[in-house]
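A.B. asks: Pasting in a structure now, in structure tokens, and then I'll have a few things to ask.
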Amino acid sequence: RVERAELESLVGRLNFAGEVLRGGRAFLNRLWAALAEHHGPTIKLRAGALEDLHWFHDVIVTERWNGSSIWVSAIDRIAGQVDAAGGADAAFAGLSGDKAVYGKFDALERAKSSTYLELAGASALAVDMATDEANRGKLIVIVNDNIGCVCILNKGSASGDPACAALLRSLFKVLNENDCEIIAVWGPREIGNRPDVASKSAAPHAEAARR
């Protein structure tokens, strides 16, 4: 348990850090939720909120964050396109250079919003790109035709959607581990035609290719 006043003070400070740390805002949602759910003088933090506090500790204390964001060179970037298809055979496909990432959604995921499906695909592609040693420290640019997905990735937060927020936390952990940044760019489906077509035929490849 923690004193409410102490948690409010801490979250206020972390809110500033979350504005400049890679993906920091994605790790504030469960802390804000703890304050909103409990109105007494003490608050019992759930496991998820404690995990988020540990994330901030690891980045700020262990990595000795100096108070400013670490930005990569605008030239040192790699781009990828991703698209997801809904329906009974919902799947996604992401392309970056000559590499492709495919994935098929299970029954629970198929019931979620199109923004979730696109974000899941974008996250899988970004993780695949970030964990390639050749891309370490690069700026990852994701092109997608879903404006909700693009906004969530650029904002680094999905406070109204726990499922999307969970995707973001996992994504930004990997990005931080590999010193990568990410930005998302909206592009009409015509620009992302290759992954759009691939996502509709991803099912045969999905089980082996999805990470």
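Coordinate-derived values only; no laboratory data. Note that the structure is a prediction, hence the values are computed from the model and not measured. Virtual Cβ from ideal backbone geometry, glycine too; neighbours counted across all protein chains shown.
A.B. asks: Going through region 83-109 one residue at a time, which ones are part of a loop (DSSP other than H, G, I, E, B) and either surrounded by 15 or more Cβ atoms within 10 Å (Cβ to Cβ) or touching a residue at least 40 places away in the same chain (Cβ under 8 Å) (or both)? Steps first, please.
C.D. replies: Filtering region 83-109 for residues part of a loop (DSSP other than H, G, I, E, B) gives 86-90, 97-98, 105-106.
Within region 83-109, GLY86, ASP89, ALA90, PHE105 qualify.
A.B. asks: Here is a further query. Scan region 132-174 residue by residue and report those that are exposed (fewer than 15 other Cβ atoms within 10 Å of the Cβ) and touching a Cys at 6+ places or on another chain (Cβ under 9 Å).
C.D. replies: Matches in region 132-174: ARG136, GLY137.
A.B. asks: Return the residue satisfying two criteria in turn: it lies in region 137-167 and is under 19 Å from GLY86 (Cβ atoms) and part of a helix (DSSP H, G or I), and of such residues it is nearest to the chain's Cα centre (by Cα).
C.D. replies: Here the answer is LEU167.
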